[in-house]
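Q: Below is the structure I would like to discuss, written out as structure tokens.
The values are calculated or read from the model by the stated rules, or taken from the named source; none is laboratory data. Fair warning: this is a prediction, and the values are worked out from it, not measured in the lab. Glycine gets a Cβ as well: all are built from the backbone with ideal geometry, and neighbour counts include every protein chain shown.
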């Protein structure tokens, strides 16, 4: 049996769907996937009451997590298991309770096993809340095992957790 | 009425207690404050089932949030409202479900309004999971208004959200 | 006597010229200013024999210095003394002896005293060599003292070195 | 013919000597190697007149280059060719003409092909000028080919420039 050959956009869509279904964290935070393309993702998250401090501004941890999520969808869009090795985030302006945040991830570089992605977090009104730069590292395995080679039946592409030399921090880095 | 004069350690303890009581996020994540000193904090968080992906490794967003929390307690320990301006995080090894993570924040530099803090995230067994470097920026106001000047009665030290030029992302940066 | 009022582009040009004339380092490295605009700079540097290692690839220090130079011209283009507070650089591909490197600095954010600039270092053929993100901090004084206020005669806008809380590391941060 | 087996300290010393002899840049800047150990280096550089701007404070590019040099000696101390993949630098205080700067590199993590090193740049009087964090990436080959395997005669360990996936930016990363 041969898996259907997918064009890059269809592959990115299939991967995003698979990642989303496995990722309770982004579900729990109300993160929505607005758009994915090869090397690109746009996701959104409302700033809820349980995400803010007493000033009603969003905790940095949630802003990071939103940006990290966009990063994961973008860097895994080729169906190659890819994790974050390091991230840099600048906080520019507060996000207030009730605002809808969008995080847009754009690929700046991809060579060998490593990539660089720029993620911008904005409010719907266009205010830039945060700039995030993530370095990705490709590990063994595929997000959807066997999708490209038609070898899904034995699951041998499932990454071995022991082989993940660097780290696994992303939702999308690991097939269930 | 004059507020009691506090020595630096007592001030750090009082600030941590005040921050903790206002911060539903760290409460919700089960983050515990193990130790605070001037410019220093040690906090802990268990990796719960709702923090992991299908490989049972902790999401990067939660590791960041834990480190960010230690950073906030350390840089606000002088009772001067202080926020994160930028953070850099390296992910070195996965944290597994059930492990207890500790984040230790140490002050590397503090001059004028800006500081640099190094936060190391380790498992109880000593495995280094992540290295985080945060840059802090002091804004107006105090965590516990009036504690040092004996001027708490009118709350005029409460920071004006409009005056927060850079951002407010930390739990501890804002008195309620 | 009143100094002529300059439009933003003319001001950026005048500042770049003043910075260039004072900066022996960029002169010594053969760095050329190709274009400046408000918040923007494009500079170039040939990779000389004395900048490479035994593989004939350019040392990271020179790539950093080139990017840092573009950063300085961009963030000082408003004639407000501005210095680097922190920089992040990713090295993506080697630059070889004889190649001409261009560094393009683009403003991503500017609010209050702080800014974020993205600098991309490319070869003439379009290969991306390095990505650099710099955080700027505005200090006292102007690059060309008195240019905008017509108050140059007493030089009171000359920044006091003691007042530079953060640091002065840029060529353009300091009027002579 | 078999090369002598070297203990880690003797290996670090031999590597540093080999790197130094090939590196005209550090020679040109007057950088001195004060101490090397496995995963560690201490280097020094005087702030010369040609390194400062009109305020007599050292350019950031030279501070970066000094820290980068300490980083290179530390991460290559095991005689495995290793390059910088990314660096983060914070500028904390100015360095003045005539001051002697020391950069101390300490290994924070080394796993698989990647490492994290913290480099602190101080004046002799103990003022911290800059904090630098570098991520290293091990590539093919050895600094001193064949030293450990007794296979130096054919030089087959000389790294192929084409195989350097990430980048080569360090002096010490490449045997001549």
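Q: How many residues are closer than 21 Å to residue C:85 by Cα and more than 19 Å from the chain's Cα centre (by Cα) when one looks only at region D:106-127?
A: 2
Q: Within 17 Å of residue D:28 (Cβ to Cβ) and at pLDDT 95 or above: is that true of residue C:62 in this structure?
A: yes
Q: Sticking with this one: Go through region A:1-23 and report how many residues are under 18 Å from residue B:50 (Cα atoms) and either touching a strand residue (DSSP E or B) at 6+ places or on another chain (Cβ under 9 Å) or touching a residue at least 40 places away in the same chain (Cβ under 8 Å) (or both).
A: Final tally of qualifying residues: 4.
Q: Follow-up question, since we're still on this one. Enumerate the helices (runs of 4 or more DSSP H) found wholly within region A:1-105, keeping only those where 2 or more residues are within 7 Å of chain B (Cβ to nearest Cβ) and under 14 Å from the mean Cα position of the chain (by Cα).
A: Helices (runs of 4 or more DSSP H) meeting the threshold: A:24-28, A:60-75.
Q: A further question follows. Looking at this structure, is residue A:41 farther than 19 Å from residue A:124 by Cβ, touching a strand residue (DSSP E or B) at 6+ places or on another chain (Cβ under 6 Å) and surrounded by 15 or more Cβ atoms within 10 Å (Cβ to Cβ)?
A: Judged against the criteria, residue A:41 is not a match.
Q: Let me ask another. Could you please let me know if residue C:48 is at positive phi and touching a residue at least 24 places away in the same chain (Cβ under 8 Å)?
A: No: the conditions fail for residue C:48.
Q: Sort out which residues of region A:110-140 are surrounded by fewer than 18 Cβ atoms within 10 Å (Cβ to Cβ) and at the interface with another protein chain (Cβ under 8 Å from one of its Cβ atoms), and write them in order of number.
A: A:111, A:112, A:113, A:128
Q: Given the residues A:173, A:86, which is the only one that is more than 21 Å from residue C:110 (Cβ to Cβ), crowded, with 21+ Cβ neighbours inside 10 Å, touching a strand residue (DSSP E or B) at 6+ places or on another chain (Cβ under 6 Å) and at pLDDT 95 or above?
A: Of the residues listed, the single one that is more than 21 Å from residue C:110 (Cβ to Cβ), crowded, with 21+ Cβ neighbours inside 10 Å, touching a strand residue (DSSP E or B) at 6+ places or on another chain (Cβ under 6 Å) and at pLDDT 95 or above is A:86.
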